[in-house]
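Below is one structure, written out as structure tokens; the observations come after it.
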Amino acid sequence: MCVQVLSLLETSSFFCCDKGVKKKKFAYTGIRVRDLKRSIEFYTKTMGMKEVQRGKMRAGGIFVQLRSKESEETLELNYYPPGKKYYEEYVEGSELDHLVFWCKDARRSYEKVLACGATSAVESWDEGGYTLAFVRVPDGAWIELIGKRVKPRSQKQELSFPSEASLFVLDI
């Protein structure tokens with residue numbers, strides 16, 4: 001059974017499944033854009049945001065992260081050129097690309113979130129020093145789970161879960 005924390009908006013975090021899942025910290029929202037240059041210009045000149053990171057995705061897309069002054073969260077503009085893996089024809093309402101949560105162990109969180117009713121969108125993989133995975137929530141939105149790459153546990157180690165009452169905070 002999944003447990004929802006009532007203070008979701010206050011803490012920007014959530015718990016899923018009532019056994020041993022750590023907090024995940026809300027990091028940013030990714031939106032699809034059709035014209036990257038136009039979108040950057042709008043958010044920087046009109047909305048006063050600053051570019052904080054830019055890069056290429058392994059699947060061929062381009063991302064640009066923007067942040068407002070005094071805000072911790074970022075807005076990620078995602079551009080997928082025609083012919084690339086995640087490109088799709090524009091359909092009004094499809095602008096929300098994904099929400100992102102930082103996790104201590106993205107692979108383990110991916111399995112737990114699937115057990116709580118999400119479905120797999122993209123199985124976990126390592127890229128650079130990070131592990132990423134995507135799930136679809138019951139309403140269809142995509143969530144990215146990302147964390148620093150975790151060394152695999154040896155088979156001799158046993159996993160222990162705290163009691164339902166002793167949930168703990170993600171340390172990032």
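Sub-6 Å Cβ pairs linking a first residue in the range 32-46 that is of a type in the set (Ser, Thr, Tyr) and surrounded by 17 or more Cβ atoms within 10 Å (Cβ to Cβ) to a second residue that is in a strand (DSSP E or B) and modelled with pLDDT of 90 or more, at least 6 apart or interchain, are Ser39/Leu77; Tyr43/Leu66, ordered by first then second residue. Only one entry in Glu144, Glu127 is within 23 Å of Ile31 (Cα to Cα), surrounded by 17 or more Cβ atoms within 10 Å (Cβ to Cβ) and in contact (Cβ under 8 Å) with a residue 60 or more places away in the chain, namely Glu144. Taking the criterion of being farther than 24 Å from Gly129 by Cα, part of a loop (DSSP other than H, G, I, E, B) and at pLDDT 90 or above, would at least one residue in the range 7-25 satisfy it? No, the range 7-25 contains no residue that is farther than 24 Å from Gly129 by Cα, part of a loop (DSSP other than H, G, I, E, B) and at pLDDT 90 or above. With a requirement of 1 or more residues that are at pLDDT below 85, none of the strands (runs of 3 or more DSSP E) lying completely within the range 93-169 satisfies it.
Residues checked against (1) of a type in the set (Ser, Thr, Tyr); (2) buried (at least 19 other Cβ atoms within 10 Å of the Cβ); (3) touching a residue at least 40 places away in the same chain (Cβ under 8 Å):
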site	(1), (2), (3)
His98	no, yes, yes
Cys103	no, yes, yes
Ser120	yes, no, no
Ala133	no, yes, no
Arg149	no, no, no
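The values are calculated or read from the model by the stated rules, or taken from the named source; none is laboratory data. If you're wondering where the values come from, they're calculated on a predicted model, not measured in any experiment. When we count neighbours, we look across all protein chains shown, and the Cβ atoms used for this are built from the backbone with ideal geometry, even at glycine.
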